[in-house]
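Engineer: Dumping the structure here so I can ask a few things about it.
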Amino acid sequence: MDGAEGRALPVDLDREYSRRNFLKTAAWATAAISAAGIGGFGVANRYAEAQTAPYVTYQGLGDAAILQFAYLLEQLEGTFYAIGADSGLFTGNALAQIAELRDHEFAHADAIASTLGTLGAAVPAVPAFTFPTDATASAAAFLGYAATLEPVGIGAYQGAAPALVSKDILAAALSIHAAECQHWDAIKILNGVSPPNNVALEEALPLGTVQAAVAPFGITG
Amino acid sequence: MRREAEKPEVGALARPRTRREIMKLAALGLGAAAGTSLFAKKASAQTTGVVSDLDILNFLLPNEIFESQVFYPAALDAGILSGAAYDVVAQIQEIEVVHAAALADAIVSLGGTPVEAPEFMVPEAVLASQQAFLEAALVQEQKDVGANLGLGPMIQSPDILAAAGAINGAEAENVTAIKNLLGVVPPANEPFPAALTQDEVLAILAPYMGMGSMMETGGPAPAGGVGDKRY
């Protein structure tokens, strides 16, 4: 996190990041972080620190803010898989899966954007994402990053779901969550994990952990 | 009023055995589980918004018991699985044990009593070969995901919903793991996994409750319309 230490990373977020140490985000060391925009979530984040259930960290944000954050996550994932699909690293079944994941993530983003429109809420501008320089160094490197990214999406949806107010939006979020879990399984298959379905209970992540995990890519909301 | 007239006796609710009993349960929209009246309440829930979390959990529990204690053990004991297929199925069986325990714990935490599961069996045809079983297992795992997606939005307690999400994610992974074994390319191929109605869930379970095949619980019909069409 060399490039990030000199910046105004919120203390609560930083502590959450260190404490959980759930993701190997140190690998994204050269990525830039901007604290702009984090403040809106920070209030709920601090409120939630004393709590235990991850969903508490999303409560009070409102469906629109949660969806706006989810939209950026989907755009990030879709862009990541698009890079992978175009990298020339994958062929055959692996390429078919990477391209499918790309399409899923963008389909999720489109569905979320549509819902935001229905809510009368703004669709966030997609930032210029920053990816680690070695992400496409090899198929193994790319899949390694994919294996750390997918649990973030899973954890975000699973964590946020109980905080959603609209039952219709909840139903959509649960479906997308299930798709993300299938993505992770597919990545584990490509990584040679056997059996790939090696989790009995998926893990929800607190908002701060998700924010810290995706901040190095350029998501600052 | 017809629903009242056709309500099966309590004994049949506890352990439906005959096709007629199952048909009655399904026609009423009652769970395969003993005493569950989830779907019957769903009709009123559309206006009142009230469906008990306990009912939902007790609808889901017998399904996990079926898979963890009957369906997957039968395949593991049948000698039809080998290699990665055996490993994946063994893993699923262990996962479903965890899920059944989690649901039972959740029921107790809400002050309820875990329902007793009806008697299940596995038709011989399902155990005829690895391929046959994996195809059947895919249907079951997709049913699990569909059930959770259908019921999830009806859950009132955020803690119960959080637990349901943790469970459903694993079921979703099971789907992809089985698709991979079946040679589906790519194995993760659903951008929006579909929800199922309780009737659809029951229809998938019916062949494992002593019925030779799926009868007339409403059949595979578009989500949301099955129970309503019958009356």
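Engineer: If we only count helices (runs of 4 or more DSSP H) wholly inside segment B:13-93, which ones have 3 or more residues that are at pLDDT 95 or above and of a type outside the set (G, A, S)? I'd like the intermediate steps shown before the answer.
Structural biologist: Numbers: elements: B:19-28, B:38-48, B:53-65, B:72-77.
Once the helices (runs of 4 or more DSSP H) in segment B:13-93 are filtered for at least 3 residues that are at pLDDT 95 or above and of a type outside the set (G, A, S), what remains is B:53-65, B:72-77.
Engineer: Oh, and also: Test of understanding: among A:G40, A:G62, which residue is at pLDDT below 95, more than 12 Å from chain B (Cβ to nearest Cβ) and surrounded by fewer than 20 Cβ atoms within 10 Å (Cβ to Cβ)?
Structural biologist: Working: A:G62 fails: at pLDDT below 95.
That would be A:G40, the only listed residue that is at pLDDT below 95, more than 12 Å from chain B (Cβ to nearest Cβ) and surrounded by fewer than 20 Cβ atoms within 10 Å (Cβ to Cβ).
Engineer: Which condition number in (1) under 16 Å from the mean Cα position of the chain (by Cα); (2) more than 10 Å from every other protein chain (Cβ to nearest Cβ); (3) over 20 Å from B:Y86 (Cα atoms) is the one that B:T113 fails?
Structural biologist: B:T113 satisfies every listed condition except (1).
Engineer: Kindly indicate whether any position in segment A:86-94 is hydroxyl-bearing (S, T, Y) and surrounded by 16 or more Cβ atoms within 10 Å (Cβ to Cβ). Talk me through it step by step, then tell me what you get.
Structural biologist: If we filter segment A:86-94 for residues that are hydroxyl-bearing (S, T, Y), which is where we start, we get A:87, A:91.
From the residues that got through so far, the ones that are surrounded by 16 or more Cβ atoms within 10 Å (Cβ to Cβ) too are A:87.
For segment A:86-94, residues hydroxyl-bearing (S, T, Y) and surrounded by 16 or more Cβ atoms within 10 Å (Cβ to Cβ): present.
Engineer: Return yes when A:L149 is in a helix (DSSP H, G or I) and touching a residue at least 60 places away in the same chain (Cβ under 8 Å) and no when it is not.
Structural biologist: Details: in a helix (DSSP H, G or I): yes; touching a residue at least 60 places away in the same chain (Cβ under 8 Å): yes.
Yes, satisfied.
Engineer: Also: Tally the residues that are touching a Leu at 6+ places or on another chain (Cβ under 7 Å) and over 18 Å from B:E200 (Cβ atoms), restricting the search to segment B:136-159.
Structural biologist: 1
Engineer: In segment B:183-194, is there at least one residue being in contact with a Pro (Cβ under 8 Å, 6 or more places away or on another chain), more than 13 Å from A:A200 (Cα to Cα) and of a type outside the set (D, E, K, R)? Spell out the reasoning first.
Structural biologist: Just the residues of segment B:183-194 that are in contact with a Pro (Cβ under 8 Å, 6 or more places away or on another chain), to begin with: none.
No, segment B:183-194 contains no residue that is in contact with a Pro (Cβ under 8 Å, 6 or more places away or on another chain), more than 13 Å from A:A200 (Cα to Cα) and of a type outside the set (D, E, K, R).
Engineer: Considering only segment A:132-141, state which residues are without any contact (Cβ under 8 Å) to a residue 60 or more places away in the chain and either surrounded by 24 or more Cβ atoms within 10 Å (Cβ to Cβ) or not in a helix (DSSP H, G or I) (or both).
Structural biologist: Start the filter on segment A:132-141 by keeping residues that are without any contact (Cβ under 8 Å) to a residue 60 or more places away in the chain, which leaves A:134-141.
A:D134, A:A135, A:T136, A:A137, A:S138, listed by residue number.
Engineer: Going through segment B:136-195 one residue at a time, which ones are at the interface with chain A (Cβ under 7 Å from one of its Cβ atoms), of a type in the set (S, T, N, Q) and within 22 Å of A:H108 (Cα to Cα)?
Structural biologist: B:N168, B:N174, B:T176, B:N189
Engineer: Which members of segment A:111-139 meet the condition of being more than 17 Å from B:P193 (Cβ to Cβ) and within 14 Å of chain B (Cβ to nearest Cβ)? Break it down into steps so the answer makes sense when it comes.
Structural biologist: Taking segment A:111-139 first, the residues more than 17 Å from B:P193 (Cβ to Cβ) are A:113-139.
If the condition is that a residue be more than 17 Å from B:P193 (Cβ to Cβ) and within 14 Å of chain B (Cβ to nearest Cβ), then A:S114, A:T115 are the ones that fit.
Engineer: Being surrounded by 24 or more Cβ atoms within 10 Å (Cβ to Cβ) and within 7 Å of chain B (Cβ to nearest Cβ) is true for just one of A:A200, A:A156, A:A173, A:A161. Which residue is that? Can you show your working first?
Structural biologist: Working: A:A200 fails: surrounded by 24 or more Cβ atoms within 10 Å (Cβ to Cβ); A:A156 fails: within 7 Å of chain B (Cβ to nearest Cβ); A:A173 fails: within 7 Å of chain B (Cβ to nearest Cβ).
Exactly one residue qualifies, and that residue is A:A161.
Engineer: Something else now. Every residue in segment A:80-93 that is outside any loop (DSSP other than H, G, I, E, B) and closer than 22 Å to A:T133 by Cβ, please.
Structural biologist: To start, the set of residues in segment A:80-93 that are outside any loop (DSSP other than H, G, I, E, B) comprises A:80-86, A:92-93.
Passing the criteria: A:F80, A:Y81, A:A82, A:I83, A:G84, A:A85, A:D86.
Engineer: Does any residue in segment B:107-122 that is farther than 21 Å from B:P158 by Cβ come within less than 6 Å, Cβ to Cβ, of a residue that is loosely packed, with under 15 Cβ neighbours inside 10 Å and not aromatic (F, W, Y) six or more places away or on a different chain, and which pairs are these?
Structural biologist: Matching pairs, first to second residue: B:P118/B:R15.
The values are calculated or read from the model by the stated rules, or taken from the named source; none is laboratory data. On a predicted model such as this, the values are computed, not experimentally measured, just so you know. Backbone-built Cβ (ideal geometry, glycine too); neighbour counts: all protein chains shown.
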